[in-house]
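Below is one structure, written out as structure tokens; the observations come after it.
The values are calculated or read from the model by the stated rules, or taken from the named source; none is laboratory data. Source: prediction; values computed, not measured. A quick note on method: Cβ atoms are made from the backbone with ideal geometry, for glycine too, and the neighbour counts reach across all protein chains shown.
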Amino acid sequence: MEVKAGIIGAGIGRVHLEGYQAAGAEVVALCDANESRARETAEKYGVRKVYTDYKEMLKDVEINTISVCTPNSMHAPMSIDALEAGRHVICEKPLSVNAAEAQQIVDAAARSDKKFMVAFCYRFREDAQLMKKFVEGGELGRVYYAKTAWLRRRGIPGFGGWFTTKELSGGGPLIDLGVHMLDLTLWLMGNPKAVSVSGSAYAEFGPYGRGAGGYGRDKNLEGKYDVEDLAIGLIKLENGAALHLEASWATNIEKDDGHSTLMGTEGGACLNFAEGGFKLHKEMYGHQVDVLPIVKAGSGHKEEMAHFVECIREDKEPTATGEQGLEIMRILDALYESAATGREVVL
Ligand SMILES: NC(=O)c1ccc[n+]([C@@H]2O[C@H](COP(=O)([O-])OP(=O)(O)OC[C@H]3O[C@@H](n4cnc5c(N)ncnc54)[C@H](O)[C@@H]3O)[C@@H](O)[C@H]2O)c1
């Protein structure tokens, strides 16, 4: 089946647009509540139709595939409506604002015979793909500990807008950045299920109008800020392994940091998220050895969209599934609950 896409949301939606076009798929329409933004983007990329109401776009019979690229609280209603209207759907991360809504999306996808994928782009980076091969090939042995972080020194996105309004975003850096690192790390580990979560969350910058960075649009330092700006958690997994996660939009560190580090019985590997690439740490012939694979740095966006298009064209199942997106939401819900109650949450 040839892909004829409609995109809802012209922020990261532009990256979806480029990805579809690079994969040779047609983007028929772009929908954004902000009409001038939609028109300007459509014109730039040669997209024929513009909508401001996604429900109107879903009536367009020319479109068979929908990208949901809107604020987090809209992921569930838009994905469900698109699936029920018989369209293939790729939904941006996080799958939703909480596990209950994510479950509704997964249920709608199960009722549908169309493809559904969560846009976990970083899995599709060349370094991540190769590191996964090393793990699956047994180079690390049994992975029993992982730690991952995405920490920004000053980088609150879209201050005062949807990102920092819990009702629209579901949370702060944990649900925005932590979701990516948690997905990437769990995927590298073979997606073991979580059994318990313990976490803490803090809001030490945003509520005081501090910590804004160059991310997101429509900044308003007087606007609402009711989410965390740093969160950390310890997640225990069914296979006995443990995973430590950190995410911040603002905190006092030397520089921004991003990594996914696995420690196994036969080796360790650390993916340097910001710079790209990873290093493997092993013992060989009685010596400590570091191996540096030569890989290209990249965001994985283009490869992610190529994979989604290929799944539709060739009737294959997308590798970033709704169930995996739901499991991540369960962990994030538990981490927020643990932060609020001060206790470990058993899943
Ligand atoms: N995978 C990634 O690397 C990545 C990067 C950035 C954002 N995201 C995700 O993408 C989503 C959007 O984030 P963003 O940074 O593009 O935000 P954004 O604010 O830049 O863009 C969102 C767009 O949605 C539009 N919109 C809002 N309500 C709408 C509605 N009801 N109908 C149609 N359009 C509507 C807005 O006008 C805006 O243009 C979020 O879920 C975010 O987590 C993912």
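For this structure, a couple of remarks:
- Applying the set (1) in a loop (DSSP other than H, G, I, E, B); (2) in the same structural domain as residue 151 (by TED's automatic domain parsing); (3) within 19 Å of residue 190 (Cβ to Cβ) to residue 262 leaves exactly one unmet item: (1).
- Put simply, of 151, 140 the only residue that is among the hydrophobic types (A, V, I, L, M, F, W, C), crowded, with 24+ Cβ neighbours inside 10 Å and more than 12 Å from the ligand (Cβ to nearest atom) is 140.
- Residues of the stretch 321-347 classified as under 13 Å from the mean Cα position of the chain (by Cα) and among the small types (Gly, Ala, Ser), total: 2
- Verdict on residue 117 being outside any loop (DSSP other than H, G, I, E, B), at pLDDT 95 or above, near the ligand (Cβ under 10 Å from one of its atoms) and within 16 Å of residue 325 (Cβ to Cβ): no
- Every pair of residues 6+ apart whose Cβ atoms lie under 7 Å, when the first sits in the stretch 292-310 and is more than 14 Å from residue 15 (Cβ to Cβ) while the second is at pLDDT below 95 and not small (Gly, Ala, Ser): 297/275
- Selection status of residue 269, in contact with a strand residue (DSSP E or B) (Cβ under 7 Å, 6 or more places away or on another chain) and free of Cβ contacts under 8 Å to residues at least 24 places away in the same chain: no
- Members of the stretch 14-44 found to be surrounded by fewer than 16 Cβ atoms within 10 Å (Cβ to Cβ) and not aliphatic (A, V, I, L, M), listed by number: 18, 24, 34, 35, 36, 40, 43, 44
- Restricting attention to the stretch 59-85, the residues that are without any contact (Cβ under 8 Å) to a residue 40 or more places away in the chain and either of a type in the set (D, E, K, R) or farther than 19 Å from residue 119 by Cα (or both) total 5.
Conditions (1) closer than 16 Å to residue 98 by Cβ; (2) of a type in the set (Lys, Arg); (3) away from the ligand (no atom under 16 Å from the Cβ), marked per residue:
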| residue | (1), (2), (3) |
| --- | --- |
| 134 | no, no, yes |
| 155 | no, no, no |
| 159 | no, no, no |
| 171 | yes, no, no |
| 179 | yes, no, no |
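- Here residue 207 clears all of (1) under 30 Å from residue 262 (Cβ atoms); (2) in a helix (DSSP H, G or I) except the condition numbered (1).
- Residue in the stretch 281-290 that is surrounded by 14 or more Cβ atoms within 10 Å (Cβ to Cβ), in contact with a strand residue (DSSP E or B) (Cβ under 8 Å, 6 or more places away or on another chain) and aliphatic (A, V, I, L, M) present: no
- Filter pass, residue 108 being touching a Ser or Thr at 6+ places or on another chain (Cβ under 8 Å), in a loop (DSSP other than H, G, I, E, B) and either of a type outside the set (Ser, Thr, Tyr) or more than 9 Å from the ligand (Cβ to nearest atom) (or both): no
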